Every structure is written in C-alpha cells, then in structure tokens.
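Just so it is clear, none of the values below were taken in a lab; they were calculated from the coordinates. Just so it is clear, the structure is predicted and the values come from calculations on it, not from any experiment. Positions of Cβ are backbone-derived with ideal geometry, glycine not excepted, and every protein chain shown enters the neighbour counts.
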C-alpha cells in the first residue's frame, strides 16, 4: 500500500465552501462504493492555515496512487464528476487532467 499526499492552495473565501462540499459528498449514496472502486483504502482532507492562505492537504492510501488518480480523472460516475467540477470551480485545479509535473514524493515515513 502506498500513500499519496497533495497540497492545493485554497483561494481566499473558499474554505467554508470546501468544508460544506466535503460534508455533502460524504453523504452521497455512492461515496464509499466510489472510493473502494478506485482502490482507495483511506482518504482524508485537511485544511492547513498559513500566513500565505489556507492549503487543502489531501491524503490517499491505495496500492497504486498514480493509477487511482488516472481512473478518477477519467471517471464519468456522478460523484467523481461532482468532485472534479467543484475542485475546478472552487480551487482552480482541473483533476480531469494529469497534474503538471511529477506526483509528490515521500521524503520521510515512520514506521
């Protein structure tokens, strides 16, 4: 199992909308089925307040995070479409496209 963590800047004034969105998404009838379908074993969202603004920190555990992201990007299922649309509108990040550059790399992990 591998862990993938990503940080995305949250535009000013969008943190509350982000919190509301994920609260609604986890209530979606296909939420758990969708995550399991992508091979996600654990997913968490964190907001880190910084002097430069809030960051959304996404953490995923799966056997193959890169394939998981590709499947999510190409998915036409209702929940992934909703997630991609919200993230693009609220954060300006298009998750239906490959990330610009390599995936984040782990520099420390314990145990």
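Of note:
- This ranking places 45, 110 by how few other beta-carbon atoms lie within 10 Å of each, fewest first, which gives 110, 45.
- Segment 2-91 - Debye-derived log10 I(q)/I(0), Cα point model, q = 0.19, 0.20 Å⁻¹: -0.94, -1.03
- Potential extension, residue 31-residue 106 segment - 0.36 nm per residue separation minus Cα distance: 24.3 nm
- In terms of surrounding Cβ atoms within a 10 Å radius of their Cβ, 109, 24 rank from fewest to most as 109, 24.
- Residues listed by number, segment 29-57, amide nitrogen under 19 Å from residue 19 label point at 7 Å toward C-beta: 44-57
- Linear extension gain, residue 46 paired with residue 70, 0.36 nm per residue minus alpha-carbon span: 6.4 nm
- Its relative contact order, with pairs defined as Cα atoms under 8 Å and 6+ residues apart, puts the chain at 34 percent.
- Tensor-based shape of segment 51-97 (alpha-carbon gyration tensor, a/c under 1.5 rounded, otherwise prolate or oblate): oblate
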